[in-house]
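Q: What follows is a structure written as structure tokens; I'll ask about it next.
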Amino acid sequence: MPEQPFGSVEDFLQDLRFQQWARGEAPGDKRYWQAFLNSNPDKVHLYEEAIALILIMQGNDLQPVSSSRKIRQIQDAIADEVTEKHILPVWQWLRWGLAAMLVVAIGFWWSYKTTNKTGEIAAKEKFFPALEKSVTRRNERNQAMLVNLPDGSSVLLSKESSVRYNQQMNGKKRVVYLTGEGFFEVVKDANRPFFVYADKVVTKVLGTSFTVKSYPDSAEAIVSVKTGKVSVSASAQNAGSHTSLTLLPNQQVNLLVENQKLTTTITEVVKPSEMTPVQKEPFEFEFTPVAEAFKILEANYAVKIHFDEVKMRDCTLTASLKDEPFLEKIRLICLATESSFQVLEDQIIISGNGCQTP
């Protein structure tokens, strides 16, 4: 349990361990702070305000909080907006002014999503589309995790990676914020481009499959294309004089930031040793038993597919599914076998008559 009494918001802000937790730099402290909040419910509102304040200070590129001077600067700035006849305690006005940020802070507290880096990018880069009613998915498992997006696209998240996206994804642009590494398979839509924003790189596509790897604590970002064509550019804070690059199938670009300078290297042919299993898999089927096709999908997408082996034993599949998102692969197989499917988290339930002879 924390030894610090934490009798005020300022006590939280001056605690180094709390600063690291609030900035997402100490995910291992999850139980530490959860135990503190459970034992001190009267401190929850102070905790929330401190979280929100640190996130705002980060978004404004302030240095980590180390003295009360920066705290007073923000308090004074808020107080200046209050007329003399409507004076209330500073923290009451701060609470009102930070209402939206507190929602984010509470979500951060309960889900422990270390995605504030993408939040900083959104604050810095005015061309980043706003995300209302967003959803954040984080992979805390030791294996990859499949996330099916609202538009039918999918992303296979690597360990300790996360994505944030709109609940409906029905705007003119389809936008995903990525922290870490993910393999994307994007539904084709010529009228609605698909953007993946990471802390160092922005990737734009209309419909294709590719991998983006960009961890905030790494100086390097990688975009590798499996199928289709993608446009890659550095994020605004790293862009400098670099323009966007176009990558074709089996090409990869490495973006390296050193001494505040960005260098790019394009690899014409990606080595198999540098590919993830799903990148290597061709998903080409020729008179392949459907049960075998399901096993290939299970192995590559870290899901469990339940089906009636008796009904499916005479079913075979001949198709090229290398460029379809996961759920589209499942839909096409079900269409060929007169079946239907349901999605239950990381499980797929196949039902129907299959190919069993009446």
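The values are calculated or read from the model by the stated rules, or taken from the named source; none is laboratory data. Predicted, not measured: the structure shown is a model, and the values here were computed from it. With ideal geometry, Cβ positions are generated from the backbone for all residues, glycine too; neighbour counts draw on all protein chains shown. Note: areas computed on protein heavy atoms with side chains; ligands, DNA, RNA excluded. Shrake-Rupley method; radii C 1.70, N 1.55, O 1.52, S 1.80 Å.
Q: Select from the stretch 1-51 the residues that are closer than 29 Å to G180 by Cα, charged (D, E, K, R) and either assigned to a helix (DSSP H, G or I) or open to solvent by 40 Å² or more (accessible area, probe 1.4 Å) (or both) and list them in ascending order.
A: If the condition is that a residue be closer than 29 Å to G180 by Cα, charged (D, E, K, R) and either assigned to a helix (DSSP H, G or I) or open to solvent by 40 Å² or more (accessible area, probe 1.4 Å) (or both), then R17, E25, D29, K30, R31, E48, E49 are the ones that fit.
Q: Within the stretch 274-295, which residues are more than 25 Å from the chain's Cα centre (by Cα), surrounded by fewer than 18 Cβ atoms within 10 Å (Cβ to Cβ) and part of a helix (DSSP H, G or I)?
A: Scanning the stretch 274-295 gives A291, E292, K295.
Q: Further question on the same structure: In the stretch 190-203, is there at least one residue being open to solvent by less than 40 Å² (accessible area, probe 1.4 Å), in contact with a strand residue (DSSP E or B) (Cβ under 6 Å, 6 or more places away or on another chain), farther than 28 Å from Q143 by Cα and assigned to a loop (DSSP other than H, G, I, E, B)?
A: Yes; the residues of the stretch 190-203 include at least one that is open to solvent by less than 40 Å² (accessible area, probe 1.4 Å), in contact with a strand residue (DSSP E or B) (Cβ under 6 Å, 6 or more places away or on another chain), farther than 28 Å from Q143 by Cα and assigned to a loop (DSSP other than H, G, I, E, B).
Q: I've got another one for you. Give the number of residues within the stretch 165-185 that are touching a strand residue (DSSP E or B) at 6+ places or on another chain (Cβ under 9 Å), closer than 19 Å to S134 by Cα and open to solvent by less than 40 Å² (accessible area, probe 1.4 Å).
A: Residues meeting the conditions: 12.
Q: Now a separate question. For the stretch 339-358, which residues satisfy the criterion of being in a strand (DSSP E or B) and either modelled with pLDDT of 90 or more or under 23 Å from the mean Cα position of the chain (by Cα) (or both)?
A: S339, S340, F341, Q342, V343, L344, Q347, I348, I349, I350, S351 - these are the residues of the stretch 339-358 that are in a strand (DSSP E or B) and either modelled with pLDDT of 90 or more or under 23 Å from the mean Cα position of the chain (by Cα) (or both).
Q: Still on this structure: Of everything in the stretch 315-338 that's assigned to a loop (DSSP other than H, G, I, E, B) and in contact with a Gly (Cβ under 8 Å, 6 or more places away or on another chain), which residue is surrounded by the fewest Cβ atoms within 10 Å (Cβ to Cβ)?
A: Among those residues, the one meeting the criterion is E338.
Q: On to the next question. Being open to solvent by less than 40 Å² (accessible area, probe 1.4 Å), at pLDDT below 90 and among the small types (G, A, S) is the filter here; which residues of the stretch 229-264 pass it?
A: The answer is S233, A234, S235, A239.
Q: Would you point out the residue of the stretch 296-333, among those that are among the charged types (D, E, K, R) and more than 23 Å from T211 (Cβ to Cβ), that is farthest from the chain's Cα centre (by Cα)?
A: Out of the qualifying residues, it is D314.
Q: Specify the residue that is farthest from S218 (Cα to Cα); the eligible residues are those in the stretch 13-70 that are modelled with pLDDT under 80 and hydroxyl-bearing (S, T, Y).
A: Out of the qualifying residues, it is S68.
Q: Pairs only if they're at least six apart or on different chains, beta carbon under 9 angstrom, first in the stretch 35-52 and within 13 Å of A22 (Cβ to Cβ) and among the hydroxyl-bearing types (S, T, Y), second open to solvent by less than 40 Å² (accessible area, probe 1.4 Å) and in a helix (DSSP H, G or I); list them, first residue then second.
A: Within 9 Å, the pairs are Y47/V9; Y47/F12; Y47/F18; Y47/W33; Y47/F36; Y47/L37; Y47/A105; Y47/W109.
Q: May I pose another question? Those residues that are part of a helix (DSSP H, G or I), open to solvent by less than 70 Å² (accessible area, probe 1.4 Å) and of a type in the set (A, V, I, L, M), I need them from the stretch 296-309; list them, please.
A: Selection gives I296, L297.
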